[in-house]
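Bear in mind that the values in this text are calculations on the coordinates, not laboratory data. Keep in mind that what you see is a predicted model, and the values were worked out from it rather than measured. With ideal geometry, Cβ positions are generated from the backbone for all residues, glycine too; neighbour counts draw on all protein chains shown.
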Amino acid sequence: MAKALNNVIHADTHLMAKRFHNPEPFRSENRPYSMAVKAGKLVFLAGQLGVEFVGGNRIVVAPGNAERQIEVIFANMRRMLEDVGANLRDVCWLQIFVTDIDDRLVLDPVRRRFFGEAEMPAATMVEVSRLALPGAVIEVNAIAVIEDE
């Protein structure tokens, strides 16, 4: 059994190259993780808060306002995806963390505006007690699949 399992594990000797991305201005604060990782046709985006960058620092946009923050998050995600040759249409999954689950009602129209009506990404929304920066009320991470490059 162990030999059969070993053959399955080693059957595909082709390793998928990973590229780590921290485009400006997102790398400004020297965070200990990558903002995006491209592995083959997959792109993994780290959690995004609704922030703008001022003097190399992250500043929460419209503290407490989920609608405005998700607009900024999706705009920032678009910029990061473009850095790896992808776009919002390539996003297949969103994971959304909110500090108030009732904000989902104001978030849905914004998602439709950025992703369209026809092929929306799968999504999970979870309410959490707080996020990394004071005033942040929503965080989104994503996985995208780049079609033939």
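Decide, for segment 16-145, between rounded, prolate and oblate: order the square roots of the alpha carbon gyration tensor eigenvalues as a ≥ b ≥ c, take rounded if a/c falls under 1.5, and otherwise choose prolate if a/b is larger than b/c, else oblate. Oblate. What the phi angles of segment 92-102 give under the Karplus curve with 6.51, -1.76 and 1.60, with θ = phi - 60°, is a coupling list of 10, 8, 10, 10, 10, 10, 10, 8, 9, 4, 5 Hz, glycine and proline written as x. On the basis of the beta-carbon distance and an R0 of 25 Å, PHE44 and GLU127 show a calculated FRET efficiency of 0.60. Residues whose amide H lies under 5 Å from that of MET125, counting only those 5 or more places away or on a different chain, are ILE96; hydrogens are built 1.01 Å from N in the peptide plane.
On the basis of the beta-carbon distance and an R0 of 30 Å, TYR33 and ALA62 show a calculated FRET efficiency of 0.75.
Note: relative contact order over segment 16-145, using C-alpha pairs below 8 Å and six or more positions apart, is 31 percent. Under a 5 Å amide H cut-off, with hydrogens placed 1.01 Å from N, LEU133 pairs with nothing among residues at least 5 apart or on other chains.
Each label was represented as a point 7 Å from its Cα along the Cα-to-Cβ direction; for VAL145 and ARG19 these points are 2.0 nm apart.
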